[in-house]
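*Asks:* Questions regarding the structure given below will be posed in turn.
Derivation of every value follows stated rules applied to the coordinates shown; laboratory data play no part. Everything numeric in this text was worked out from a predicted model, so none of it was measured. Positions of Cβ are generated from backbone atoms using ideal geometry, with glycine treated the same way; all protein chains shown enter the neighbour counts.
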Amino acid sequence: MPLDWSTVEGIARTYQQSHPNLVPDIRCIELSVRQAFHQLPVLVDLVDFDPYPDVWVLQADVVSTNRLSITTRNNQALLTPETNLQFRAVHDYDHLTQGLNFSVWGEVKAAKVWCARVEDDTMQAFLFSEIVAQACVAVVSGSFAPQKYVRFPKRFRDEVFRSV
C-alpha cells in the first residue's frame, strides 16, 4: 500500500470520525517520552513561536547552537503539558537526525523512526495517533484536530510504515 492521497484521506477521516479510545496506561507512555527526552544530546529551549519553517532551518539552528527550540503554543494534549513539550522535542529531533521534512511523508517516517526504538505496542499506537493521524488531518483539513487517542490496528500501522 503506497502512502497516497486516498490513504492520507482515509487516516484523517478515521481519526476525525472516531470516538477517542482510552489510553490504556498514559503513565507508561509519559514515562517512555520522558526517558527518550532525557537521552537527547542537545539542550532544549522553549519558545512562544514556531521556530522552524522547514527541516533545513531546524538543522542549521541545532548544528550552530546545539540547542533545539520547541514551541509552547497549542500545548493542550493528552499528555501533561511538560511531557507534551518533551514529546515535541523528541519528535523534532527525529526530523533533524533523519533529515525529514514536515510533509505527511516526513511525519510518517519520523513516527516510524520513533516506533522502531520502542517495543511496546501501546506506545507505538499512541505515536501513530499523535503523529501520523494528526499530520493527515492537518493536510486534509488545513488544521490540526483536537487531540485524542485513536488506536489504529497494528497491521494497518505496519502497512503504512512499510510504505515510506
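*Asks:* Under 14 Å from the Cβ of ILE70, count the other residues' Cβ atoms, weight Lys and Arg +1, Asp and Glu -1, and hand me the total. Mind dumping the intermediate values first?
*Replies:* Numbers: positive: ARG67, ARG73, ARG88; negative: ASP45, ASP48, ASP50, ASP61, GLU82, ASP92, ASP94.
Surrounding charge for ILE70 is -4.
*Asks:* I would also like to ask the following. Convert each backbone phi in the range 145-159 into a coupling constant with the Karplus relation 6.51 cos²θ - 1.76 cosθ + 1.60 (shift: θ = phi - 60°), then list the ³J(HN,Hα) values in order as whole Hz, x for Gly and Pro.
*Replies:* 8, x, 6, 7, 9, 10, 8, 7, x, 4, 4, 5, 4, 4, 5
*Asks:* Angle check, please: helix 81-98 long axis (alpha carbons) against the longest principal axis of the chain (alpha carbons), in degrees 0 to 90, nearest 10.
*Replies:* The two axes meet at around 90 degrees.
*Asks:* Could you give me the ³J(HN,Hα) list for the range 108-113, computed from phi with Karplus coefficients 6.51, -1.76, 1.60 and θ = phi - 60°, whole Hz, x at Gly and Pro?
*Replies:* Running phi through 6.51 cos²θ - 1.76 cosθ + 1.60 with θ = phi - 60° gives 5, 5, 5, 5, 4, 4 Hz.
*Asks:* If Lys and Arg each add +1 and Asp and Glu each add -1, what is the summed charge of the other residues whose beta carbon sits under 12 Å from the beta carbon of ASN21?
*Replies:* Computed value for this residue: +2.
*Asks:* Evaluate the relative contact order of the range 10-85 (contact order divided by residue number), counting alpha-carbon pairs under 8 angstrom at least 6 apart; express in whole percent.
*Replies:* Dividing the mean separation by the residue count of the range 10-85 yields 29 percent.
*Asks:* Could you give the length gained on full extension between ASP50 and SER163, defined as 0.36 nm per residue of separation minus the Cα-Cα distance, in nm?
*Replies:* On the way: separation 113, 0.36 × 113 = 40.68 nm, distance 2.91 nm.
My answer for the length gained is 37.8 nm.
*Asks:* Separate question: Can you list the residues, at least 5 places off or on another chain, whose amide H is less than 5 Å from the amide H of VAL44, using H built in the peptide plane?
*Replies:* LEU68
*Asks:* Okay, moving on. Under the rule of -39500 (n - 2.57) per DSSP H run of 4 or more residues, summed and divided by the residues of the chain, what mean residue ellipticity at 222 nm is obtained, to the nearest 500 deg cm²/dmol?
*Replies:* -17500 deg cm²/dmol
*Asks:* In addition: Using the Karplus curve 6.51 cos²θ - 1.76 cosθ + 1.60 with θ = phi - 60°, what ³J(HN,Hα) values do you get for each residue of the range 118-129, in whole Hz, with x for Gly and Pro?
*Replies:* 3J(HN,Hα) across the range 118-129, in whole Hz: 10, 9, 5, 5, 5, 5, 4, 5, 5, 4, 4, 5.
*Asks:* Towards the positive end of the charge dipole of the range 1-52, with charges on Cβ (+1 Lys, Arg; -1 Asp, Glu), say which of CYS28, PHE49, THR7 has the farthest Cα.
*Replies:* Sorting the options by dipole projection puts first CYS28.
*Asks:* Summing +1 for each Lys or Arg and -1 for each Asp or Glu, what net charge is found among the other residues whose Cβ lies under 15 Å from the Cβ of ARG162?
*Replies:* +2
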